[in-house]
Amino acid sequence: MKTEQKLYAAIAVVVVLGIAVYLSRKEDKEQLQAHSTAAATSLQKVALSPEQIKKVTKVEIKNKDKGDVILVKTGDAPADAKDDTPDAGDKKKDPNKYGVWKLDKPQEAEVNQSNVNSMLDNLEKIELREVITKTTDLYDKYEVDGDNAVHVVAYQDKDKVFDMWFGKSGGRGQLARVTGTDGVFVAKGYQGYLFTREIKHWRKTDIWKFEDNNAIQVQIENEHGKYSFTKGEEDWAATFAKRDEGKLSARADALEEFDAKKLEGMLRAYKTLRATDFAEEGADTGLEDPVKTGGTVTIALKDDAGTFTLKVGKKAKNDDRFAQAEGGDGTTYILSSWTAKWAVAEPKEFQKDADKDDDKDADKDDDKDAEDDDAEDDDAKDDDAKPKAPAAKPKAPAAKPKAPAAKPKAPASKPKGGDTPYD
C-alpha cells in the first residue's frame, strides 16, 4: 500500500474514533442530566406556597454571628391588602400584606415590615436541586450542623411548616439540610442576607413623618438658649433668648441675620425622621436632662394637625446622639450627627453666612461698576448721536530733524617734551 493511501486510512480511523467518543460522551451527559433531573424531581418539596406564607404566624432564626431572632405575627393582613407580585399591575406594595408583625426576641419591638415581607417572600423560592451526601457524617464539614448553620423555622400556629439549616456556599451552590431528612443538599433560591440581618435592621427605624410645608412653629431649647421660629403668611420670623451660666434670659430678641433657608433645611431633615441605630440597655443617654446634654425640638403643624417633640441627649458614637420621641413607646434611638446637630445648634447655625454676605456686597459693587460702565456707554452713544464738527485741517508736517551734531574736535596737540597720557 502506498504511503499516501496509508495516511488517508489513518485519518479515517481517527475520525471514526472521534465520532464514537463524542457520541459516547453525549450519551453519558444526557444520562447524567436525566438522572439529575429525576433526582431533583424526586427530592422533597420545601418551598411554601403564597397561601401557606400568609398563614405563617412565627419565624425563628438562629444565627451564631448575629444572634437569635424571633418574629411573631400580631394581626392579620387587611382584606384590601395589595399584591406586589410582578403581574400585579400598578398596585403599590402593601407593607402589611402578610399581616402585622413584631420582634419578640432579643427584645420586644416594632419591626421593619418591609424586611419581614422580603424574608417571607423568599420562603416561596427555596428548593432542593441535588444530593451531596445521604449521610449525617459531613454536617460539620459543610457547616449545616447546629453550631455553624443558619437555622430557619416557620410556624403555622404550633405546627412547623418550614425547617431547614443553611451552611456553606460554594461552586456547587448553597448547601443545606432539612430537619427529619438525613443528608446534605444543594438548595436553590435561598438568599442568606434576608435571614441574617443585624438585629437593628429587623426593627422599625421610623420615628415620625409629616409634610414640612405644614410646619408653622418650631422651638429648640439647649445649653445656648431658646429659639422660637414662627411662620407668617409668607416668611419665617425668629427670636432667641440667650442662656447665660445655665440661666435662660426672660427676654427674647429677634435673631440677627436670620436665614430662613437654614430652618427649612432643618425641617427637611426632620420631616421623615429615622434612626440609624438603637441604644443598648443601660446606656448613659443623658435624656433625663436633654436641655443640658443635648436639646429639645418641638414642631407644630397648621390646623392642629399635630405636634412633634424630640428629646436629644448625649453623644452615642462619633457625633451621633441618643434621642427619644415624646409620647412614643419609650424606644431610645440613635440619630445621625446631621439630624442631631439641629437640636444642639448655636445661633450661627440659623444665621446668614458672613462670606455669603461679603460675596453679596462684592456683587453689589460689581453691579455698581457695571452701571457706571453702562452710563459711560450711554454718554458715548449720546455724543455719537450729536453732529460732529468738521475735522481740523491736517497739521503741517513736522520740521525736518536737525543735522547730526558736529564730530568732536581732534585732540589738542601733544605737549612738548612728549610727556602725554598717550605715551
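Read-outs throughout are calculated quantities, based only on the coordinates presented, and are distinct from any laboratory measurement. Because the structure is a prediction, the values reported are computed rather than measured. Here the Cβ positions follow ideal geometry from the backbone for every residue, glycine too, while neighbour counts run over all protein chains shown.
What does the extension gain come out to for Glu223 and Ala237, with contour length at 0.36 nm per residue minus their alpha carbon separation? Contour length minus the Cα-Cα distance gives 2.9 nm. When only DSSP loop residues count, what GluC sites (Glu not before Pro) in the stretch 269-351 have their Cβ near at most 15 other Cβ atoms within 10 Å? Listed in order of number, the matching sites are Glu280, Glu281, Glu288, Glu326.
If R₀ is 22 angstrom, what is the calculated FRET efficiency for the pair Glu108 and Lys315, using the beta carbon separation as r and rounding to 0.05? Kindly include the intermediate steps, with their values, before the conclusion.
Details: r = 27 Å, r/R0 = 1.23.
FRET efficiency, Glu108 to Lys315: 0.20.
Every pair of different Cα atoms in the stretch 250-346 enters the Kirkwood calculation, which places the hydrodynamic radius at 14.3 Å.
The radius of gyration of the Cα set in the stretch 181-315, together with its Dmax, comes out at 21.5, 79 angstrom.
Given a Förster distance of 56 angstrom, what is the FRET efficiency for Trp338 paired with Lys125, based on the Cβ-Cβ distance and rounded to 0.05? Efficiency computed from Cβ-Cβ geometry: 0.90. According to the square roots a ≥ b ≥ c of the eigenvalues of the Cα gyration tensor, what is the shape class of the stretch 144-223, taking rounded for a/c under 1.5, prolate for a/b larger than b/c otherwise, and oblate for the remainder? Because a/c hits 1.5 or more and a/b exceeds b/c, the stretch 144-223 counts as prolate.
Diffusion of the stretch 216-259 by Stokes-Einstein, at 25 °C in a medium of 0.890 mPa s and with Rh set to the Kirkwood radius over alpha-carbon pairs, works out to 226 µm²/s.
Each Cα pair of the stretch 81-230 feeds into the Kirkwood radius, which the Stokes-Einstein equation turns, at 25 °C and 0.890 mPa s, into a diffusion coefficient of 129 µm²/s. In the structure shown, the pairs Lys160/Lys271; Lys302/Lys341; Lys204/Lys302 are assessed against 31 Å; a Cα-Cα span above that value is assigned to Lys160/Lys271.
Ordering of 145-153, 226-234 by packing is 145-153, 226-234, highest average first (other Cβ atoms within 10 Å, averaged per residue). Shape of the stretch 214-290 from its Cα gyration tensor (a ≥ b ≥ c, root eigenvalues): rounded if a/c is under 1.5, otherwise prolate when a/b > b/c, or oblate? It is oblate, given that a/c is not under 1.5 and a/b is not larger than b/c. The length gained on full extension between Ala269 and Val21, counted as 0.36 nm times the residue separation minus their Cα-Cα distance, comes to 82.2 nm. As a calculated quantity, the FRET efficiency between Glu288 and Gln156 at R0 = 45 Å, using C-beta atoms, amounts to about 0.50. Annotation: extensible slack from Lys247 through Lys141 equals 31.4 nm (criterion: 0.36 nm per residue apart, minus Cα-Cα distance).
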